[in-house]
Amino acid sequence: MSSTDQALLRDLLSATKDGDWGKSEPHAGYVPYRVIRGTDFAKVRMGDVANVPMRYLPGSSVYRRTLRADDIIIETAGGTFDRPTGRTLLITQRTLDALGSPATCASFARFLRVDPALADPQYVFWYLQGLYQAGEMAQHEVRHTGVGRFQYTHFASTHWVPLPPHQEQQAIAGTLGTLDAKIESNRRLRDLATNLVDAMASDLITASTRTAQLDEVVSFNLLSTTPGELTGEIDYIDIASVSPGIVDEIARLTWAQAPSRARRRVSDGDVIYSTVRPGRRSFAQMIDPPQDTVVSTGFAVMTPTQRLGSSLLTSVVSSVDFCNYLESVAQGSAYPAVSIQAMGRYSFQLPDSSTAVHFESRTMPLRRRAHLAAAESRRLVRLRDALLPELLSGRIRVKDAEDFIVNERATEGD
């Protein structure tokens, strides 16, 4: 990186202050604020602010903590052994608009306000992201009674931030931000398609009069495998890599690397649902999975029959009613799990066959488009994370980043 200066992080800031958790209910002299926690970082970054809580903070001082566009939130406490503190979140104008109310960060975080005359705030955010991704933030964490705390004051007063020319800072931030914007756009498309299909399914089910049990219209765990049946590497999906309705990550593993629970096979149109801790709603529809895709035995793999198509099945198991039922029949308190037999006894209203077929023909194209958006986002995340250290180190210049992206996509077979 040419012509690079540097500055202590603390010297780049015009303001920084710890967050506040406030009160849960209205109180005299307190005002409503949305409060962003460390657990909200990943979703807020992708534009999803639905779970950011509303709290009530002292009106006399909260203005000092009010977030602005380009502020950076850094998590200062609450990390785990496999996820240390020091994560960061960039607050954009889109974030503030989506929140719809004044916002601040929780008490286990603080905001950093970079002086734009000294450094580009978004560049500083990406620089901090790079440190965390490289594992360098972990050295600034201490632990007492198992709770991780980030030593922010020491970090900010001793860590030098490299500062290439301002134009280059903006170009680096713009390149990485463009990838983030596309990932967020894909998420919005996926959510829109999914919500539309689920709303159509709800109307269809409500209007139906026949009742069926799940095990009457789906088959459970039809396909299994052993290390000898599939050669080479596999695409492995574990419970931890599945969020409600979406596969967040697919691990490419050899059989030697794969855990012993990698035994379930899946086909196009199958729906997987975690049988452990069902309240977390770890489920996803499988669309065009590669033949070497294997999922954990912690999933129930549901294959729809002619009476119930894949799209409608996905809507049925995505419902809160289904989740509540599973929690009611789960066994065990510390590690609740539901049996396949109990899952199969779930009852719901089933449309007649012709109506169900018509629903599938209308909605599966939307499901497949949402799947393509999610798959593209996974690729873009890998590209962004691979590009980040290359741009920050200067090994790749911004003008060469497009070629880098093209080459990475070619390597993935895109």
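Here are the numbers for this structure:
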quantity	calculated
Euclidean distance between Cα centres, the range 157-183 to the range 232-297, Å	35
Within the range 44-101, trypsin sites (Lys or Arg not before Pro) in DSSP loop having at most 16 other beta-carbon neighbours inside 10 Å	Arg68
Full-extension gain in nm, Arg379 to Arg397, via 0.36 nm per residue minus C-alpha separation	4.4 nm
Expected-Rg normalisation [2.2 N^0.38 Å, Cα atoms] applied to the range 48-107	1.22
Spatial separation of Cα centroids for the range 12-41 and the range 352-397, in angstrom	33
FRET E, pair Asn195, Glu390, Förster distance 25 Å, beta-carbon r, rounded to 0.05	0.10
Segment Thr153-Ser260, length gained on full extension (0.36 nm per residue, minus Cα span)	34.1 nm
Residue order for Arg384, Arg369, Arg83 - accessible surface, 1.4 angstrom probe, largest first	Arg369, Arg83, Arg384
Å² per residue, accessible surface of the chain at 1.4 Å	48
For Lys43, solvent-accessible area (1.4 Å; no DNA, RNA or ligand), Å²	100
Compactness of the range 315-374 - radius of gyration and Dmax, Cα, Å	15.4, 44
Coil-residue GluC sites (Glu not before Pro) of the range 228-337, DSSP, other Cβ within 10 Å capped at 16	Glu229, Glu249
Candidate lysines for bridging to Lys43, where Cα separation is under 22 Å - those fewer than 8 sequence places away on the same chain excluded	Lys182
Choice from Thr206, Thr175, Thr66 showing the highest fluctuation, given a GNM over the chain with Cα pairs closer than 10 Å	Thr206
Once the Cα gyration tensor of the range 201-342 is diagonalised, semi-axes √(5λ) in Å	26, 17, 13
Residue-span extension gain [Ser328 to Val357] - 0.36 nm each, minus C-alpha spacing	7.3 nm
Interchain or long-range residues, amide H under 5 Å from Trp21's placed H	Ser107
Approximate spin-label separation Gln213-Gln6, in nm, with each point projected 7 Å along Cα-to-Cβ	6.8
Exposure of His358 as accessible area (Å², to 10), given a probe of 1.4 Å and all protein chains	110
Ranked order, Glu136, Glu390 - accessible area, probe 1.4 Å, largest first	Glu136, Glu390
Relative contact order [Cα under 8 Å, 6+ residues apart], the chain, whole percent	16
Contact order normalised by residue count of the range 83-180, Cα under 8 Å, 6+ apart, percent	34
The chain: projected area of the alpha-carbon convex hull, averaged over directions, in nm²	23.3
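The values are calculated or read from the model by the stated rules, or taken from the named source; none is laboratory data. Since this is a predicted model, take the numbers as computed values, not measurements. Ideal geometry is used to build each Cβ from the backbone, glycine not excepted, and the neighbour counts take in all protein chains shown. What goes into the accessible areas is simple: the full protein's heavy atoms, side chains included, and nothing from ligands, DNA or RNA. Shrake-Rupley method; radii C 1.70, N 1.55, O 1.52, S 1.80 Å.
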